[in-house]
Structures are given as C-alpha cells and as structure tokens.
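One structure below.
The values are calculated or read from the model by the stated rules, or taken from the named source; none is laboratory data. Note that this is a predicted model, so its numbers are computed, not measured. Quick reminder, even Gly has a Cβ in these numbers, built from the backbone with ideal geometry, and neighbours come from all protein chains shown.
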Amino acid sequence: MDILSVVGILIALTAVFGGNIMEGGHTESLMVFTAFFIVMGGTLGAVMLQFPLSVFLLSIKMTTWVFLPPKQDHHEVIEKIVGWSNIARKEGLLGLESISESETDPFAKKGLQLLVDGSEPETIRNIMEVDLSTKEHQSTQAAKVYEAYGGYTPTVGILGAVMGLIHVMNNLADPSKLGGGIAVAFVATIYGVGLANLFFLPIANKLKGLIHDQTQFREMIIEGVISIAEGENPRNIETKLQGYLH
C-alpha cells in the first residue's frame with residue numbers, strides 16, 4: 001500500500017472542505033449533482049472519444065497502481081540473476097531450463113527461455129527490447145488518459161459555469177430560480193479545476209513515474225540476461241546490476 005497517496009488525498013480533501021467551513025460555508029453548498037454530472041459526463045465523453053477501448057480499459061486497470069504499485073524488488077532480482085549465472089557456469093545454459101519453467105515474471109521468463117534456446121546475445125537484446133518498448137508504450141498511453149482527464153475537466157467546468165449563467169439570465173424575472181443557476185455556475189468551475197489539479201494530473205504523473213521505474217527494472221533484467229549469455233563472471237554481473245539500485 002502506498003501510504004503517501006492515501007495521505008495526499010486526505011490532505012487535499014481536508015484543505016478544500018475544511019477551508020470552505022472556516023470561511024463560513026457549508027459542505028452541502030459544494031454538493032451540486034448537476035455540476036458534477038456536467039463536468040464528469042462531458043470529460044468522460046471527450047476522453048472516450050480520444051482513446052481506443054484497449055487503452056481506456058488499461059487505464060482503469062492501472063488505477064490500482066496509485067495505491068498498490070507493482071512490486072519490484074531490485075535486490076531480490078539481482079540475487080536471482082547472479083544465481084542463474086552461477087548455474088549457467090556450472091551446468092551450462094541448459095541448466096536454466098527448469099528455472100525458466102518455474103519463473104513467475106513473464107519478462108524474466110522470456111529471457112531465460114531465450115538463454116536456454118541458445119540465442120545470441122544481440123538477438124536476445126533485440127527481442128527483449130522490443131517487448132520492453134511495447135509494454136512501456138502501452139502503459140504510457142494509459143497514463144495519458146489521466147492527463148487527458150486533467151486537461152478537459154477545467155474546460156468542461158467553464159462550460160458548466162456558462163450554462164449556469166445562461167440559466168440565471170433566463171430567469172432574472174424569477175428570483176427563486178437564480179440561486180440554483182449561480183450554484184451550478186460556480187461549483188462546476190470548482191469541480192473542473194479541483195478534479196484536474198487534485199486528482200487527475202497527480203495520478204497521471206504518478207503512473208508515469210511508476211512506468212519509468214518498471215522500465216528501468218526490466219532494463220536491469222535485460223542486462224543480466226545478456227551478461228549471462230556472454231559468459232560474464234557472476235561477481236562482475238552483480239557489480240554491474242547494482243548500478244540500477246536507487
């Protein structure tokens with residue numbers, strides 16, 4: 001669990017609602033369903049128009065990364081790679097066959113299988129880098145979905161504000177209807193700016209950071225597998241891979 005994400009959201013919400021109360025406002029005044037419907041409905045429609053279904057669904061799946069980021073234990077993987085290297089030196093590359101069958105990480109499993117098949121180091125690098133590049137591109141596109149949310153919500157919030165003001169202008173002769181229109185106008189703007197800057201843009205940037213970490217993690221696996229294929233000394237491999245530690 002990423003505690004910082006939970007604490008950040010709580011602080012943001014406390015600051016907004018707490019500040020409103022300190023100013024003498026009421027929480028109910030910020031709970032305008034019409035404004036929320038306009039902002040979120042309009043933004044969702046725009047985002048769905050921009051991205052293909054596969055990317056949109058992946059972005060929903062990746063939302064869990066904000067609170068439960070992918071587990072990436074660099075120390076553990078370095079130890080595993082050094083262990084693979086020792087086995088390869090003693091038993092040959094075929095000695096890694098049973099390990100490749102039991103490996104749970106699909107990316108590392110592919111590297112081990114390429115080693116067992118006797119592929120050349122350059123061939124292994126090319127195949128694994130294509131796989132890495134494809135996964136990174138897909139994940140980055142999914143993170144851009146939240147960037148798009150953050151870009152559209154303020155604009156749609158302004159749209160909601162203008163609609164509220166139009167409602168006000170159409171009912172100037174009936175003071176009882178003015179309050180609802182004004183509320184929608186201002187609250188829609190708050191929703192648009194607030195959702196973009198307190199949630200969507202931070203989520204997008206957090207996902208991008210996690211994708212970058214995941215890419216570096218897989219690059220470390222590639223270097224380890226290539227080093228084994230080239231027959232490097234296990235100690236040298238360990239020293240090289242420790243350069244990836246934060």
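A few remarks follow.
- When we screen Phe33, Phe37, Phe67 for residues that are over 23 Å from Gln214 (Cα atoms) and modelled with pLDDT of 90 or more, the only hit is Phe37.
- A residue that is surrounded by fewer than 20 Cβ atoms within 10 Å (Cβ to Cβ) and touching a Ser or Thr at 6+ places or on another chain (Cβ under 8 Å) occurs nowhere in region 222-231.
- Count of residues meeting criterion [part of a helix (DSSP H, G or I) and touching a residue at least 24 places away in the same chain (Cβ under 8 Å)] in region 18-39: 7
- Meeting the requirement of 2 or more residues that are of a type in the set (Asp, Glu), the helices (runs of 4 or more DSSP H) wholly within region 73-155 are 74-91, 97-102.
- Region 133-170 - residue that is among the hydroxyl-bearing types (Ser, Thr, Tyr) and in contact (Cβ under 8 Å) with a residue 12 or more places away in the chain and, of those, surrounded by the most Cβ atoms within 10 Å (Cβ to Cβ): Thr153
- Pairs with Cβ under 8 Å, 6+ apart, first in region 234-245 and within 12 Å of Met220 (Cα to Cα), second surrounded by fewer than 11 Cβ atoms within 10 Å (Cβ to Cβ): Leu245/His75
- When restricted to residues that are touching a residue at least 60 places away in the same chain (Cβ under 8 Å) and among the aliphatic types (A, V, I, L, M), region 41-86 contains 11.
- Gly111 vs. criteria within 30 Å of Gly192 (Cα to Cα) and not aliphatic (A, V, I, L, M): no
- Tabulated pairs, region 115-126, first over 15 Å from Gly231 (Cα atoms) and not assigned by TED's automatic domain parsing to the domain that holds Glu101, second at pLDDT 90 or above and not in a helix (DSSP H, G or I), C-beta under 7 angstrom, 6+ apart or interchain: none
- Only one of the numbered conditions (1) surrounded by 13 or more Cβ atoms within 10 Å (Cβ to Cβ); (2) within 30 Å of Leu115 (Cα to Cα); (3) not hydrophobic (A, V, I, L, M, F, W, C) is not met by Ser59, and that is (2).
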